[in-house]
Structure formats: C-alpha cells, structure tokens
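*Asks:* Just passing along the structure, written as structure tokens.
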C-alpha cells in the first residue's frame, strides 16, 4: 500500500521508526499520542504519526491491484497488456508484504497486539471469506462452499498475514531468518503435497518478503530514494516491459502468483527452484524501483492509504460481479480504448472504496472493537489512564491526524 512525506532525494527527512503498529495492507487506526511525546519529538511531531511515504505506497499499490484484476480477463487479447500485467504482478504484492513485515517489527504476544490481530485480520478474514463464497454461489451460480481453511480470491492475504504475524517472534529470534525463509520458500515451490489449507504455498513463498521487511530499517527505504536509484529505475522498468512483452506468449503467468508448486504447473521440480529464485530477484529489483518513485510528501490521496484494506476486500465483489455478468466479454472492452476506460474505472473504484465514508460504513467488519469478546488487560488500562493524565497539546496545523 502507500505513503509519502517530503520530496525524495539525498537530503529528505528520515522515515519514522518502525515501532508504529500498522499492518501493511490493512490500514488500522493509529493510537493517539500523548502531548508529552509530541513535544519530545523533533519539530513537535509524534514518532507514531502516520508517515505519508507508506500511505502513498499502499494507495498506489492497491490501485495497481485493482488494475491488474481488470486486466486479467482482457490480457489474452493484448500482448502489451499481458506484458504490463506480468510486470505489475512481479512487484505489487512483494511491496505490500515488505511493508507488512516492516510494520510488524514491534509485534509480540502482548494482549493488546493479539487483540488487534484478531479484530484487524482474523475477523475480516472470516467475514469476507464467507461473503465471497456466498456471493459466488448466489451471483455466480458456482457450487463453492464456505471453508475457512481454503481462502478464496483475495482473502488469502489475510490468512497469510495472520500466519506471518504470529510467527514474527520466531523470525526475530533465529540467527539467520532471511536465508531460512528463503529455503522454506524454495522448498514450498517444489512441494505439491502442501495442499491448499490456508493457502500455505503463498504463505511460504511470500514469507521471505515479509521477513525482509522485518529486517529493514528506515535508512534502507532512504536508499531507494537516492537520486541515482530514481534515475536508474526508469530504464529498468522499461527493460522489464520489453522482457515481459517477449515472455508473454512463452511463460506461464501462474509463476507470478506463487500459488502452486512447479509440478502442479506441469514443470520439473528443479524449475521451481530456478524460477522462484529468478522471480525473487526480479521482484526485489522492481519493488525497489517502485519505492524509488513513491512520493514522500502529502498528496490528496495520502489519507486513502489508511483505507486500503477496505478497498482491497470490497473491490473484489465488484470485479466478480462484472465477471459473472459477462461485462468483460463485451465487444467494446476488447480494444485499446475499452481497456483504457476499464483501467481508469478500476483506479476510480478503488479510490472511492478507500475513502473515509466507506471506512465508516464498513468499520464494523474491518476494524471492530469487540470489547465484549475480550477481558480487560490491566496493563493496557494503566497505559490508557496514564495517557488521560497528560493534558493534550495543540496539534500543529501541518500535522497529519494520527488516524488518517
């Protein structure tokens, strides 16, 4: 997903520390910060204040997700569109996963964080897995049954995020977490026995990106903002499109989904190791290029980065409704003008679904408080009482609201 603070370059302001609780794809509310903490921060800004860079990154990436879902049923008619689809799918989910890992660095088994994991990930997963399955049966006429163990369509990311977040303390404990998870991803790519439960293929094959995010520091994102990296990103992306145009009729697009093993795609086992390693490398390079061009200052769309979970889960229902209604088979969309219109419409749709009015309507499903389901945590209650004893200070006019 996306955020953006100041202009990017050698002398841009440093990114905030990673201790701020946030969910990569889901954009939950950020806790209010006591006035004392605001006063202690440089320039009077809170260390926990949302950073525009990551909100911009989440928004731009979710727009690419929506565009990709529109391109999917149309790409067979256009070699250029298929090349563009392949390039986007090489980096947009790795970017999400890296951001999710980066903002999981402070996760532990503290009761309030476990509660946040349940209300912000598990509950939306259960509700939307059920909603998608019923929608497919009632609107699409399929025989799909509701199964919380077999994520369907977009809900796989929530299942994966739950597993990644729960295992975060382990990856922070082991000595070489990145090589270890890289081996796990490669083993998964040649292990058809893993099956579909909780989409473990994707969980394991994307796991190295999550652990990479866990290992990253603010200065690593600063490296992507260097002027030479931004300049180099342009020819790299152009070259990626050329390679994608060449590979479109020759390569199985399913490799980019990290959803199946090599054997399940009809390839020899060793191809899983080679292709997965190659795609990991390509994804890292293209993700760095994406981060290099994500703006760091605040734009009109920056606040929408807090609502990317809403856009992500809700737009899938619209895309599926169009597919079930046969709209993608209409003749007018099977030409460059129609493809362009649908692409712009997808960007507009996802933008609307990330707005605050939509967040207010669907907050009961995305970020329920569920106080009735949890015992009161004495430590959290003490922290809240301590915050209440601090007199709020006037918020600077230029400061972004903490829950934006």
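*Asks:* Of all residues being without any contact (Cβ under 8 Å) to a residue 40 or more places away in the chain and closer than 24 Å to residue 305 by Cα in segment 353-385, which is surrounded by the most Cβ atoms within 10 Å (Cβ to Cβ)? Just the residue, please.
*Replies:* 363
Results for (1) free of Cβ contacts under 8 Å to residues at least 12 places away in the same chain; (2) closer than 21 Å to residue 354 by Cα, shown as yes or no for each residue.
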site	(1), (2)
56	no, yes
66	no, yes
69	no, yes
77	no, no
97	no, yes
114	yes, no
119	no, yes
122	no, yes
125	no, yes
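*Asks:* Sticking with this one: When the residues of segment 217-228 are narrowed to those that are under 23 Å from the mean Cα position of the chain (by Cα) and within 17 Å of residue 286 (Cα to Cα), which ends up surrounded by the most Cβ atoms within 10 Å (Cβ to Cβ)?
*Replies:* Looking at the filtered set, the residue picked out is 221.
*Asks:* I'd like the full set of residues that are within 18 Å of residue 165 (Cα to Cα) and not in a helix (DSSP H, G or I), limited to segment 182-216.
*Replies:* Filtering segment 182-216 down to residues within 18 Å of residue 165 (Cα to Cα) leaves 182, 184-185, 197-216.
216 - this is the single residue of segment 182-216 that is within 18 Å of residue 165 (Cα to Cα) and not in a helix (DSSP H, G or I).
*Asks:* Let me confirm something: among 262, 271, which residue is surrounded by 15 or more Cβ atoms within 10 Å (Cβ to Cβ), farther than 18 Å from residue 91 by Cβ and out of contact with any helix residue (DSSP H, G or I) (no Cβ under 8 Å at 6 or more places or on another chain)? Don't jump to the end; show me each part of the working.
*Replies:* On the way: 262 fails: out of contact with any helix residue (DSSP H, G or I) (no Cβ under 8 Å at 6 or more places or on another chain).
From the options 262, 271, the qualifying one is 271.
*Asks:* Return the residues of segment 246-279 that are assigned to a loop (DSSP other than H, G, I, E, B) and either under 27 Å from residue 221 (Cα atoms) or touching a residue at least 24 places away in the same chain (Cβ under 8 Å) (or both); say none if nothing qualifies.
*Replies:* Result: 248, 249, 251, 258, 259, 260, 261, 262.
*Asks:* Return a yes/no flag: does segment 333-342 have any residue that is within 21 Å of residue 123 (Cα to Cα) and at pLDDT 90 or above. Talk me through it step by step, then tell me what you get.
*Replies:* Our first condition is that a residue be within 21 Å of residue 123 (Cα to Cα); within segment 333-342, this holds for none.
No, segment 333-342 has no match at all.
*Asks:* Across segment 50-83, which residue is surrounded by the most Cβ atoms within 10 Å (Cβ to Cβ) among those that are at pLDDT below 90 and within 17 Å of residue 100 (Cα to Cα)?
*Replies:* 50
*Asks:* Are any residues in segment 280-328 in a loop (DSSP other than H, G, I, E, B) and farther than 16 Å from residue 96 by Cβ, and if so, which ones?
*Replies:* Quick first cut of segment 280-328, residues in a loop (DSSP other than H, G, I, E, B) only: 293-301, 325-326.
Residues satisfying the conditions are 293, 295, 296, 297, 298, 299, 300, 301, 325, 326.
The values are calculated or read from the model by the stated rules, or taken from the named source; none is laboratory data. Not measured: the values here are computed from a predicted model. Virtual Cβ from ideal backbone geometry, glycine too; neighbours counted across all protein chains shown.
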